[in-house]
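*Asks:* Mind having a look at this structure? Questions to follow.
The values are calculated or read from the model by the stated rules, or taken from the named source; none is laboratory data. Note that this is a predicted model, so its numbers are computed, not measured. Cβ placement follows ideal geometry from the backbone for every residue including glycine, while neighbour counts extend to all protein chains displayed.
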Amino acid sequence: MRFTVIREKLRHYKVGIAGAGGLGSNCAQALVRSGVGTLVIADFDTVSELNLNRQFFFRSQVGEKKVEALRENLRRIDPSVNIEVHDVFLDHENTPRVFAGCDIIVEAFDNSEMKQMIIETVAMALPGIPLVVGSGLAGWGGNEKIKSRKIDNNLYVIGDESDEVSEELPPLAPRVGIVANMQANIVLEILLNK
């Protein structure tokens, strides 16, 4: 399939991204570069200097809301992309409203409680919508351990599923980028096979 055909097909889809940090910002840029037409991005945080080692932000954006800074960066890639942002802390109540109408959702949270929340919420309130989750992306090396796994018809997990972020095992750009791009690749696989 030629890129023009891929782009034409993808421009009709709406992808939700829950979190605009390392996974979310890098996955979003891969999806925009591939031609996805609409992104719905939700996050409540601001860009900090500590984010710059792995997130798709720039030093001049430190202190800005992540959703606003990310929208600006993505529009520099493709000004025609439709980007809906929500400056909100996602929970069981607002997640279904924020991601209503999305064809697929990407989970890009930092902690396991939030991952569990979105898995449960999407399964119960948005049944049938695929969810692509990242798990186990901290540190460096271990490329052979990073994989994708389909849990059921609508749940996919990307990562090594073991290396959780800690003081001694921080998230670094290479592994975060690998997992984010694998998440984007699963999104494309699902959408292009529809």
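*Asks:* Inspect all residues belonging to segment 114-121 and state whether any of them is under 17 Å from the mean Cα position of the chain (by Cα) and surrounded by fewer than 16 Cβ atoms within 10 Å (Cβ to Cβ).
*Replies:* Yes: segment 114-121 contains one or more residues that are under 17 Å from the mean Cα position of the chain (by Cα) and surrounded by fewer than 16 Cβ atoms within 10 Å (Cβ to Cβ).
*Asks:* For segment 134-176, name all the residues that are closer than 17 Å to residue 107 by Cβ, assigned to a loop (DSSP other than H, G, I, E, B) and in contact with an Asp or Glu (Cβ under 8 Å, 6 or more places away or on another chain).
*Replies:* The answer is 135, 136, 137, 138, 146, 165.
For every residue, the table says whether it meets (1) under 23 Å from residue 89 (Cα atoms); (2) out of contact with any His (no Cβ under 8 Å at 6 or more places or on another chain); (3) surrounded by 20 or more Cβ atoms within 10 Å (Cβ to Cβ); (4) of a type outside the set (A, V, I, L, M, F, W, C).
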residue	(1), (2), (3), (4)
111	yes, yes, no, yes
139	no, yes, no, yes
143	no, yes, no, yes
152	no, yes, no, yes
165	yes, yes, no, no
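*Asks:* Exactly one of (1) buried (at least 18 other Cβ atoms within 10 Å of the Cβ); (2) of a type outside the set (Phe, Trp, Tyr); (3) farther than 28 Å from residue 192 by Cβ; (4) touching a residue at least 24 places away in the same chain (Cβ under 8 Å) is unmet by residue 61. Its number?
*Replies:* (4)
*Asks:* Looking at segment 171-184, which of its residues are surrounded by fewer than 21 Cβ atoms within 10 Å (Cβ to Cβ) and either of a type in the set (Lys, Arg) or without any contact (Cβ under 8 Å) to a residue 60 or more places away in the chain (or both)?
*Replies:* Selection gives 174, 178.
*Asks:* Another question, then. Please give the number of the condition residue 115 fails out of (1) modelled with pLDDT under 95; (2) over 26 Å from residue 10 (Cα atoms); (3) touching a helix residue (DSSP H, G or I) at 6+ places or on another chain (Cβ under 6 Å); (4) not small (Gly, Ala, Ser).
*Replies:* Against the list (1) modelled with pLDDT under 95; (2) over 26 Å from residue 10 (Cα atoms); (3) touching a helix residue (DSSP H, G or I) at 6+ places or on another chain (Cβ under 6 Å); (4) not small (Gly, Ala, Ser), residue 115 comes up short only on (3).
*Asks:* Among (1) under 18 Å from residue 27 (Cα atoms); (2) surrounded by fewer than 16 Cβ atoms within 10 Å (Cβ to Cβ); (3) at pLDDT below 95, there is one condition residue 82 misses while meeting the rest; what is its number?
*Replies:* (3)
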